[in-house]
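Enquirer: Please see the structure below; I have some questions.
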Ligand SMILES: [Zn+2]
């Protein structure tokens, strides 16, 4: 197998598997947090192997430093500081900063693009 770009169907399968892994991590977190962390690691491995981003909805649900699953209110704190979303990992104390404006902009752009779609084609 060659490195680099993967066919689209492979990427789709990888994304689906990542979703499954994160969903499982979410379900198991209360009783078996160590399993959740393993699922996160597996999902991250998939993302590197297939050169795919972690699905948006899960991107803030793990710590980029210690790779553990984060559940807001359980082992992570989410705060809005100076227009940034700060996600603090309760396991290692790592702070992830996500600019809040960018998110709003992306949402607006998605809306705009769906309106403009017919012009692109
Ligand atoms: Zn951490």
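Enquirer: Please verify whether residue 72 is under 10 Å from the mean Cα position of the chain (by Cα) and surrounded by fewer than 17 Cβ atoms within 10 Å (Cβ to Cβ), treating the condition exactly as stated. Lay out the reasoning, then the answer.
Expert: Values: under 10 Å from the mean Cα position of the chain (by Cα): no; surrounded by fewer than 17 Cβ atoms within 10 Å (Cβ to Cβ): yes.
No.
Enquirer: Follow-up. Under 6 Å between Cβ atoms, which residue pairs at least 6 apart in sequence (or on different chains) link something in region 49-73 that is at positive phi with a partner that is modelled with pLDDT of 90 or more and within 16 Å of the ligand (Cβ to nearest atom)?
Expert: Filtered contacts from region 49-73: 67/40; 67/41.
Enquirer: Follow-up question, since we're still on this one. With the requirement that a residue be touching a residue at least 24 places away in the same chain (Cβ under 8 Å) and under 17 Å from residue 72 (Cα atoms), what does region 1-29 give you?
Expert: Taking region 1-29 as the starting set, the residues that turn out to be touching a residue at least 24 places away in the same chain (Cβ under 8 Å) are 4-6, 10-11, 14-15, 17-19, 21-22, 25-26, 29.
Those that are touching a residue at least 24 places away in the same chain (Cβ under 8 Å) and under 17 Å from residue 72 (Cα atoms): 22, 25, 26, 29.
Enquirer: Among the listed residues 37, 31, 23, 19, identify the single one that is surrounded by fewer than 12 Cβ atoms within 10 Å (Cβ to Cβ) and at pLDDT 95 or above. Working first, answer last.
Expert: Numbers: 37 fails: surrounded by fewer than 12 Cβ atoms within 10 Å (Cβ to Cβ); 23 fails: surrounded by fewer than 12 Cβ atoms within 10 Å (Cβ to Cβ); 19 fails: surrounded by fewer than 12 Cβ atoms within 10 Å (Cβ to Cβ).
After ruling out the rest, the residue left standing is 31.
A quick yes/no check of all residues on (1) modelled with pLDDT of 85 or more; (2) in contact with a strand residue (DSSP E or B) (Cβ under 9 Å, 6 or more places away or on another chain); (3) outside any loop (DSSP other than H, G, I, E, B):
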{"residue": "64", "(1), (2), (3)": "yes, yes, no"}
{"residue": "67", "(1), (2), (3)": "yes, no, no"}
{"residue": "74", "(1), (2), (3)": "yes, no, no"}
{"residue": "87", "(1), (2), (3)": "yes, yes, yes"}
{"residue": "97", "(1), (2), (3)": "yes, yes, yes"}
{"residue": "101", "(1), (2), (3)": "no, yes, yes"}
{"residue": "113", "(1), (2), (3)": "no, no, yes"}
{"residue": "117", "(1), (2), (3)": "no, no, yes"}
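Enquirer: Of the residues that make up region 17-30, is at least one within 15 Å of the ligand (Cβ to nearest atom) and within 29 Å of residue 105 (Cα to Cα)?
Expert: Let us first name the residues in region 17-30 that are within 15 Å of the ligand (Cβ to nearest atom), namely 25, 29.
Remaining after also requiring within 29 Å of residue 105 (Cα to Cα): none.
Looking through region 17-30, none of the residues is within 15 Å of the ligand (Cβ to nearest atom) and within 29 Å of residue 105 (Cα to Cα).
Enquirer: Just to be sure I understand, how many residues within region 51-62 are surrounded by 15 or more Cβ atoms within 10 Å (Cβ to Cβ) and assigned to a loop (DSSP other than H, G, I, E, B)? Give the derivation first.
Expert: Step one: filter region 51-62 for residues surrounded by 15 or more Cβ atoms within 10 Å (Cβ to Cβ), giving 52, 54-55, 58, 60-62.
Keeping just the survivors that are assigned to a loop (DSSP other than H, G, I, E, B) gives 52, 54-55, 60-61.
The total comes to 5.
The values are calculated or read from the model by the stated rules, or taken from the named source; none is laboratory data. Since we're looking at a predicted model, the values are computed, not measured. Cβ: placed from backbone, ideal geometry, glycine included. Neighbour counts: every protein chain shown.
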